[in-house]
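Chemist: I'd like to ask some things about the structure below.
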Amino acid sequence: MTRVLLAGVIALLISIFVGPKFVAYLRRKEYGQHIRAEGPEHHVSKQGTPTMGGLLILLSAAIGFLAFSRYTVPALTVLCVTLACGAIGFLDDFIKLTHRRSLGLNGRWKLLLLGAITVAVGIAAQHQHLPTNVYVPGLGHIELSYAWYGLLFLVIAGAANGVNLTDGIDGLAAGTVIIALFTFAAMIVSRGSARARPATGSRRSWTSRSSRPP
């Protein structure tokens, strides 16, 4: 858990010191968001707001990860998935900027690219001999077999597009991104705490053995 917190601090410092200069660069190059004409009138004022801020988020997160990671296969898989989904977002913003419109990459292409990422993750999961079952409270472990890969696609596509679906009218999603990042950070920290916490049963058995007379 300590490494996770340190990685978060490194990412935060990079964002604080590099962020203002990066935003100024985007403004200078006029890399701004184009607002849809059919959107609410109060969104028109957001026209020209610097976009492609995801590059800074990915850079900060990647540096923090690489500085404190153990470079295990699961960890590297998560990093590669994050960068690959970020590349799709970059391509989407690039099309918006070059064509000067609010519509970027076609939805079908996004799904196809996310499908390719899912295939790569599926291959990595097979390489690691990961189980293809899920735990459902009250029902126990349910074997999904090949349906597990369909669930994997829904997880990746949902996580990658959840913010867009929440705030996709003006194409600017900084507010919802912050909520999502804090949620993922809390999940990672809690997961790390659970792994670091010794099992209650093993602690009790150690205590009972140590209290026995020699």
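The values are calculated or read from the model by the stated rules, or taken from the named source; none is laboratory data. Note that the structure is a prediction, hence the values are computed from the model and not measured. We place every Cβ from the backbone using ideal geometry, glycine too, and count neighbours over all the protein chains shown.
Chemist: Just one of (1) surrounded by 11 or more Cβ atoms within 10 Å (Cβ to Cβ); (2) within 22 Å of the chain's Cα centre (by Cα) trips up residue 144, so point out which.
Modeler: (2)
Chemist: Looking at 84, 75, can you tell me which residue is under 18 Å from the mean Cα position of the chain (by Cα), modelled with pLDDT under 90 and closer than 23 Å to residue 55 by Cβ? Don't jump to the end; show me each part of the working.
Modeler: On the way: 84 fails: modelled with pLDDT under 90.
Only one candidate qualifies: 75.
Chemist: Is it the case, given these coordinates, that residue 117 is within 15 Å of residue 74 (Cα to Cα), exposed (fewer than 14 other Cβ atoms within 10 Å of the Cβ) and at pLDDT 90 or above?
Modeler: Numbers: within 15 Å of residue 74 (Cα to Cα): yes; exposed (fewer than 14 other Cβ atoms within 10 Å of the Cβ): no; at pLDDT 90 or above: yes.
For residue 117, the condition - within 15 Å of residue 74 (Cα to Cα), exposed (fewer than 14 other Cβ atoms within 10 Å of the Cβ) and at pLDDT 90 or above - is not met.
Chemist: Please work out if residue 90 is aromatic (Phe, Trp, Tyr), more than 14 Å from the chain's Cα centre (by Cα) and either more than 25 Å from residue 1 (Cα to Cα) or modelled with pLDDT of 90 or more (or both). Give the derivation first.
Modeler: Values: aromatic (Phe, Trp, Tyr): yes; more than 14 Å from the chain's Cα centre (by Cα): yes; either more than 25 Å from residue 1 (Cα to Cα) or modelled with pLDDT of 90 or more (or both): yes.
It is true that residue 90 is aromatic (Phe, Trp, Tyr), more than 14 Å from the chain's Cα centre (by Cα) and either more than 25 Å from residue 1 (Cα to Cα) or modelled with pLDDT of 90 or more (or both).
Chemist: Checking the conditions here, which among 18, 23, 44, 9 is in a helix (DSSP H, G or I) and modelled with pLDDT under 55? Spell out the reasoning first.
Modeler: Working: 18 fails: modelled with pLDDT under 55; 23 fails: modelled with pLDDT under 55; 9 fails: modelled with pLDDT under 55.
Result of the check over 18, 23, 44, 9: 44.
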